[in-house]
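Student: Before I ask anything, let me first share the structure, which is written out below as structure tokens.
The values are calculated or read from the model by the stated rules, or taken from the named source; none is laboratory data. All figures in this text were calculated on a predicted structure; none of them were measured in a lab. Please note: Cβ atoms are built from the backbone with ideal geometry, for glycine as well, and neighbour counts cover all protein chains shown. Surface areas here come from the heavy atoms of the whole protein model, side chains and all, with no ligands, DNA or RNA. Shrake-Rupley method; radii C 1.70, N 1.55, O 1.52, S 1.80 Å.
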Amino acid sequence: MKRIDLTRGLISVALVALFVVQLLVHPESVLAWGNEGHTYINRVAAQKIPADMPRFLRRAWVVAEIAYLGPEPDRWRSPSEYELKNAQEADHFIDLERVDWLDPLPAGRYEFYRRLYEKRASTADHADDYLPEHVGLQPYITMEVFGRLKAAFREYRRLRELHQPTVSVEHAIVFYAGWLGHYVGDGSQPLHTTIQYNGWVGPNPNSYTTQHGIHALFESTYVAQNVTAADFSNLVRAPERLTDPFQQYVAYLRDSNRHVETVYALEKAGGFSGKGSAEALAFTTHRLGAGSQMLLNLWYTAWLDSASNPNPIPAPPAAAQQTPGTKNHAGEAPKL
Ligand SMILES: [Zn+2]
């Protein structure tokens, strides 16, 4: 028995050590914007939903629910749900410097995987840097949740046309809209778009900090103590329809990446310490505002685009030409 206890003890110590190493090494182990930043980004966007989107989206409970869902995917990162944590950690970031040879990014995640594995196979040094889970999958999960939202809006339109109840699809829309906000918010945090995610690596002529900690100091500690939703609400304008959501979202990530060095320069000047500096506040509120604006634009685009796309759900059973013996049940999307 003692031997088993000792083995268990050693395994426990090893697991704790592994978790600590993960926290230090992997970008996916740090939370973007912390609880407050994500909640603010979602709430401000929800408060700006325009009158030409469905009216139910402007109800108080909807705004509160969307705000609550801002940090939701960060609640999926506990070691107690290992499969979930493992599967979705790479959704929160993308190291754009690792894919500067791949422009434009392919729109489908499996095409992206294939290109990365080809690159890895032809790379001699640090080839595993090109594994999809190390590069990050930010724009892919974002567009996939955007697609879910658009499909739900399409169903909402269909039920309205049929004068059927819409309460169930309204709940689905609220969930997808709030879930989407998390990743769009991550994308506005420059340190979620870079290999410089938590301490400067490589040539460092400006002597930026190489310590782990800048990431959480900026997005969590500093924001929680110094920023409110009201500080950037006035920066968010009426939404714009995106003509190419994927590529425009990638452009938004690249713009965020251009601000990486500013985060380090502000940290070096003490801008995020204590009450911080006026420059740090202006910078942070503009990043949070950029996140809210893109989120509102994506919701608006999903709504408008949902009107012009074919509905993939087959006609109801009574009207369907169901051939006896086929396995394509009514309500099941056909395999094309
Ligand atoms: Zn995140």
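Student: Among the residues in the range 147-158, are any within 16 Å of the ligand (Cβ to nearest atom) and open to solvent by less than 10 Å² (accessible area, probe 1.4 Å)?
Tutor: No, because not a single residue in the range 147-158 is within 16 Å of the ligand (Cβ to nearest atom) and open to solvent by less than 10 Å² (accessible area, probe 1.4 Å).
Student: Within the range 275-294, count every residue that is open to solvent by 50 Å² or more (accessible area, probe 1.4 Å) and either without any contact (Cβ under 8 Å) to a residue 40 or more places away in the chain or among the β-branched types (Val, Ile, Thr) (or both).
Tutor: 2
Student: Here's a follow-up. Identify, please: which residue in the range 98-107 is without any contact (Cβ under 8 Å) to a residue 40 or more places away in the chain and exposed (fewer than 13 other Cβ atoms within 10 Å of the Cβ) and is, among those, farthest from the ligand (Cβ to nearest atom)?
Tutor: Residue satisfying both the conditions and the ranking: 101.
Student: Still on this structure, I have one more. Which of the numbered conditions does residue 176 fail, given that it passes all the others? Conditions: (1) over 14 Å from the mean Cα position of the chain (by Cα); (2) away from the ligand (no atom under 16 Å from the Cβ); (3) buried (at least 18 other Cβ atoms within 10 Å of the Cβ).
Tutor: The number of the failed condition is (1).
Student: So which residues in the range 255-274 are of a type outside the set (A, V, I, L, M) and surrounded by fewer than 16 Cβ atoms within 10 Å (Cβ to Cβ)?
Tutor: 255, 258, 261, 262, 268, 270, 273, 274 - these are the residues of the range 255-274 that are of a type outside the set (A, V, I, L, M) and surrounded by fewer than 16 Cβ atoms within 10 Å (Cβ to Cβ).
Student: Filter the range 211-225 for residues that are open to solvent by 40 Å² or more (accessible area, probe 1.4 Å), among the small types (Gly, Ala, Ser) and more than 18 Å from the chain's Cα centre (by Cα) and give the result.
Tutor: Matches in the range 211-225: 224 only.
Student: With respect to residue 144, determine if the residue is of a type in the set (D, E, K, R), within 16 Å of the ligand (Cβ to nearest atom), over 10 Å from the mean Cα position of the chain (by Cα) and surrounded by fewer than 22 Cβ atoms within 10 Å (Cβ to Cβ).
Tutor: The answer is yes for residue 144.
Student: Out of all the residues in the range 190-228, which are assigned to a helix (DSSP H, G or I) and aromatic (Phe, Trp, Tyr)?
Tutor: Matches in the range 190-228: 218, 222.
Student: Kindly evaluate residue 184 against the criterion of being assigned to a helix (DSSP H, G or I) and in contact with a Phe, Trp or Tyr (Cβ under 6 Å, 6 or more places away or on another chain).
Tutor: In short, no.
Student: I'm trying to understand the selection: among the residues of the range 68-97, which are away from the ligand (no atom under 14 Å from the Cβ) and either surrounded by 14 or more Cβ atoms within 10 Å (Cβ to Cβ) or of a type outside the set (Gly, Ala, Ser) (or both)?
Tutor: Within the range 68-97, 68, 79, 81, 82, 83, 86, 95, 96, 97 qualify.
Student: Scanning for something within 16 Å of the ligand (Cβ to nearest atom) and either at pLDDT 95 or above or over 15 Å from the mean Cα position of the chain (by Cα) (or both), does the range 4-16 turn up at least one residue?
Tutor: No; the residues of the range 4-16 include none that is within 16 Å of the ligand (Cβ to nearest atom) and either at pLDDT 95 or above or over 15 Å from the mean Cα position of the chain (by Cα) (or both).
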